[in-house]
Amino acid sequence: MSDDTPLAHSPPTPVAVLGDGCAALSLAAQADRLSDYALSVIAPAGTVSTQDHIWGFWQMPWLQDVLPLVRKTWSRWTIRNAETAVVMQAAEYPYHAVTRQHWMAHCMARATQHGVTFAEDRSSLGHGVTFAEDRSSLDDVKQRHIFDSRPPKRHPDMMLQHFIGWEVRAAAGSFDDSTAILMDFRCDQTCGMHFIYCLPFSDREALVESTLFSPALVPDTFYETAISSWLNDCANVSDFEVIRREKGAIPLGLMARHDPALSGIGGNGGAIRPSSGYAFSFIQKQIATGIARVSAGNALGFVTPHRPIDLWMDRIFLSVLRHQPQHAPQIFTALAARLTGDEFALFLSGEATMALRAKVVSAMPPWPFMQALLRPEAGAKAGMP
């Protein structure tokens, strides 16, 4: 045999991602970095969503691909209650906003360019694997590298981060677009931890969102009244036009995978930060870590991007918010006053050092957290099944 005989190359390993949300398309957009895998995105029937959302995140190393698409960036943000306003300034980690529509379109274009295939029905996987509840083909499922990005299962009594947002247009000079308002607690606190979130895109346009942390949803009129009241009473904006609406509910805490037989990715793989509901940045971090593992010679796989100590701290914090939400305005303004803007960004992005975690703990009022430590949920098992 000639020494010039070309070496045979193994065909790419087929990988199917079930679901077509942020995690699935964010992975598909990176297909060019996974040359040993052939990606397919399978959208279960009836999952089409046309509602746009604003996704906020602090600049972190794993988010470089997102930066060209951001709609607006803020190096200053405010957290305030009825008595105190704290303005935070970031030198290295500014806060960005990107629209779901722009990010998903970007991912779809890149995925198509890199040869990712898309299908709309579970049966498109072939080989008799249809994701039915029948476990007879479980071994085949495992061999096919299937990652499930469908929403995880949540307990009926879980804490939720739920909201309604209005994107409004008003007269010139209505908003200070140099400073985002991450939390303004000057609103009704009777139903849980409640704050107004305002992202001013210009001096005329802003997203104003009423956000509530509680186990139960409330009527739409609760959020809408809060938005109108804040615009009138706090922002001094009485004449405005609502040009877009968004609405959502994000489960908080640890959740079981949608299907225990399938490996998870995104929220179904533990990417949602349990105490805040932040997901976009952590999904990108999870995918970047998985791709880095492949580059190091490991098989493609995804793990939760959260450290065990952060999951434990989140359980304690959620216990306080569930049982003593009246402390929330004091807790967040005290935290903002104690940390720099960059420290605040690192902590909420899961990049805190032990010294920074200690600084966060020292800023908290001790009694509510001591009580939380004694509750059963403080000892719950950390991690994603």
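Read the figures in this text as sums done on the coordinates, not as results from a lab. Everything quoted here is computed from the prediction, not taken from an experiment. Heads up, the Cβs are rebuilt from the backbone with ideal geometry, glycines too, and the neighbour counts pull from every protein chain shown.
Can you tell me the order of 99-105, 176-182 when each peptide is scored by its average per-residue count of other Cβ atoms within 10 angstrom, highest first?
Details: 99-105: 16.6, 176-182: 18.7.
Ranked from most to least packed, the peptides come out as 176-182, 99-105.
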Could you let me know the centre-to-centre spacing of region 239-284 and region 306-376, using Cα atoms, in angstrom? 20
Sort 285, 247 so that the residue with the fewest other Cβ atoms within 10 Å of its own Cβ comes first and the one with the most comes last. 247, 285
In deg cm²/dmol, rounded to the nearest 500, the helical mean residue ellipticity at 222 nm of the chain, built from -39500 (n - 2.57) for every DSSP H run of length 4 or more, is -8500 deg cm²/dmol
Taking the chain as the reference, fit the longest principal axis to its C-alpha atoms, fit the long axis of helix 354-363 to the helix C-alpha atoms, and give the angle between the two in degrees, 0 to 90, nearest 10. 30
Summed over the other residues with a beta carbon less than 14 angstrom from that of residue 346, with K and R at +1 and D and E at -1, the charge totals +1
Which pairs, out of 153/359; 72/285; 72/153; 72/247, put more than 26 Å between their alpha-carbon atoms? 153/359; 72/153
Region 308-379: C-alpha gyration tensor shape, a/c 1.5 cut-off, then a/b vs b/c: oblate
Which percent, nearest 5, of DSSP beta bridges in the chain are antiparallel? 70
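Got a sec? How would 362, 276 order by Cβ neighbour count within 10 Å, fewest to most? Before the final figure, lay out the partial values.
On the way: 362 10, 276 16.
Placing the least packed residue first, the sequence is 362, 276.
Neighbouring Cβ atoms within 10 Å as the yardstick, rank 22, 234 fewest first.
Details: 22 23, 234 15.
Listed from fewest to most nearby Cβ atoms, that is 234, 22.
If Lys and Arg each add +1 and Asp and Glu each add -1, what is the summed charge of the other residues whose beta carbon sits under 9 Å from the beta carbon of residue 164? Working shown, then result.
Working: positive: 245, 247; negative: 209, 220, 224, 246.
Overall, the nearby charge balance is -2.
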